[in-house]
Structure formats: C-alpha cells, structure tokens
Amino acid sequence: MIQGDMKNLDQELFLFHPLLQKGLQYLKNTDFSKLAAGRYEIDGDILFALVQEYEPQPKQDRKAETHAKYADVQYVAQGQECIGFARLTPDCEVAEDKLAEKDAVFYKTVKDEVDLVLDAGSYAVFMPADVHRPCCLGPAGRVQVKKVVLKVKVSVLK
C-alpha cells in the first residue's frame, strides 16, 4: 500500500510506473465536482475510473477485500473516509470468492488490520496483496464522500 496526497504529487510522481502516473495525473487534473457517479474510460480496460458518492458506514458493516486483475487507487475528492488495511496472509479467512465475476475476494477475518484515514485530496494505492476495507466512517463521522477508484490492470505493471 502506498499513501499520498495530491499536493505532493509533482515531487513524487517519478516514483510510479507510467500507467500509475497517467492515472494520478488524471485524478489531479479532473474536476470531479462536475462528474456524476459512474465509470469513466481513461485507457480502455487497462485504466479506468469509477466515480462514487456515498456516506461512509461503520467499519463492522463493510467487507475487507482484495483484487487479482486490478490494483486500486482510491482517491477521496470530497469528504473523508477510513480504509482498513492489512497484508494478505494465510490467516485471512475468505468469506466469498468472487474473482471470476467481480475480481474480488471478500474476507471474514483479517489479521493486524490498521486504519488509514483519507481526507479530500489524498489517495492510497492497493496492490493484489493488500487487503482493504473501504468506505468506513472516519473521525469526521457521517459526511458525504465523493471518491474515485482507479482500476489499474496489474499485468501491465509488470
């Protein structure tokens, strides 16, 4: 997992793969207040954005997940949310395997999960070995969140 903030992107962009750079530049240069919730193509099925609007939920009501085909860049454009994070270990008990249909595995138990608070302008990159539990209430409580999840095809990053 990598956490960052758009205000530091110009100094940190060189650290990322060119495809991630393209996605992060898209996040920085797009006015999401003018975009409705939905899917937005950036580079076909290699790189696309999912714009979401919601109120965060209590952590116990959210599912921890991983993905195999896509890395997630979760960017909070408005509001605040908490994302649970842990490394994928054999101790993570699978609740549902939806890899074939949704590129997602959901977990019943996660060992050593920590909370990551994302405020507006911040992002986190989750790779396939990163268990994450998005859309959880943060310290700000129930606030309207507008988030963009970039889906980045992992096979292109290799």
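The values are calculated or read from the model by the stated rules, or taken from the named source; none is laboratory data. Computed from a predicted model, the values in this text were never measured in an experiment. Every residue, glycine among them, receives a Cβ derived from its backbone with ideal geometry; neighbour counts consider all protein chains shown.
Tally up the residues in region 69-92 that are free of Cβ contacts under 8 Å to residues at least 60 places away in the same chain and either in contact with a Gly (Cβ under 7 Å, 6 or more places away or on another chain) or not small (Gly, Ala, Ser) (or both), please.
Going residue by residue through region 69-92, those that are free of Cβ contacts under 8 Å to residues at least 60 places away in the same chain are 82-84, 86-92.
Next, from what is left, pick out any that are either in contact with a Gly (Cβ under 7 Å, 6 or more places away or on another chain) or not small (Gly, Ala, Ser) (or both): 82-83, 87-92.
Qualifying residue count for the region: 8.
Quickly run through region 138-148 and pick out the residues that are surrounded by fewer than 20 Cβ atoms within 10 Å (Cβ to Cβ) and either of a type in the set (D, E, K, R) or outside any strand (DSSP E or B) (or both).
Passing the criteria: 139, 140, 142, 143, 144, 146.
Would you mind finding the one in 92, 136 that is modelled with pLDDT of 95 or more and touching a Phe, Trp or Tyr at 6+ places or on another chain (Cβ under 6 Å)?
92
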Check your understanding: Restricting attention to region 99-116, does a residue exist that is in contact (Cβ under 8 Å) with a residue 24 or more places away in the chain, in contact with a Cys (Cβ under 8 Å, 6 or more places away or on another chain) and either of a type in the set (S, T, N, Q) or part of a loop (DSSP other than H, G, I, E, B) (or both)?
Key -> yes
Review point. Going by the conditions given, is residue 88 within 23 Å of residue 120 (Cα to Cα) and aliphatic (A, V, I, L, M)?
Key: no
Check your understanding: Being out of contact with any strand residue (DSSP E or B) (no Cβ under 8 Å at 6 or more places or on another chain), farther than 26 Å from residue 22 by Cα and at pLDDT 95 or above, is that true of even one residue in region 61-73?
Key -> yes
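Could you count how many residues in region 10-66 are of a type in the set (Ser, Thr, Tyr), surrounded by 18 or more Cβ atoms within 10 Å (Cβ to Cβ) and in a strand (DSSP E or B)? Give the derivation first.
Kept after step one, since they are of a type in the set (Ser, Thr, Tyr), are these residues of region 10-66: 26, 30, 33, 40, 54, 66.
Applying the additional criterion that residues be surrounded by 18 or more Cβ atoms within 10 Å (Cβ to Cβ) yields 26, 66.
If we keep only those that are in a strand (DSSP E or B) too, we end up with 66.
Selection size over region 10-66: 1.
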